[in-house]
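Scroll down for the structure; my scribbles are underneath it.
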Amino acid sequence: QVQLVESGGGLVQAGGSLRLSCAASGRTFSTYAMGWFRQAPGKEREFVATISRSGGTTYYADFVKGRFTIARDNAKNTVYLQMNSLKPEDTAVYYCAAKYLGAGRSWVPDYWGQGTQVTVSS
């Protein structure tokens, strides 16, 4: 069982930055591929970014490429999402997710965090 706890959301003006963090419980963090997804009001949850178990490979949705960066620190059991040049359309609840022995760009998570709200004002 893995528990994921996100933090770092909030209200920011367009063009601003936020850094989300996701702390994972357990001693086997490095066996999980990690990712960030988001869900805006009235829309389905969508893929934002994923990172391989070692942190050596990252994948991004086209709408965040060049603006967001996903990273992980396996010693701290934490994955991050640095979000720059934020736009009002980035407003959503952002969820951290984990996939045991996950690989590649897209996978169905085994675990979800509770989500953190990001609101970008125009």
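A few remarks follow.
- Residues of the range 40-65 satisfying the condition of being of a type in the set (Ser, Thr, Tyr), part of a loop (DSSP other than H, G, I, E, B) and free of Cβ contacts under 8 Å to residues at least 24 places away in the same chain: 57
- Listed by position, the strands (runs of 3 or more DSSP E) contained in the range 76-122 that have at least 3 residues being surrounded by 18 or more Cβ atoms within 10 Å (Cβ to Cβ) and within 15 Å of the chain's Cα centre (by Cα) are 78-83, 92-100.
- The selection criterion, being under 12 Å from the mean Cα position of the chain (by Cα) and closer than 14 Å to residue 116 by Cβ, does not hold for residue 34.
- Within the range 37-61, the set of residues being basic (Lys, Arg) and farther than 18 Å from residue 19 by Cα comprises 43, 45, 53.
FYI, it's all coordinate maths here, none of it is from the lab. This is a predicted model, so every value here is computed, not measured. Virtual Cβ from ideal backbone geometry, glycine too; neighbours counted across all protein chains shown.
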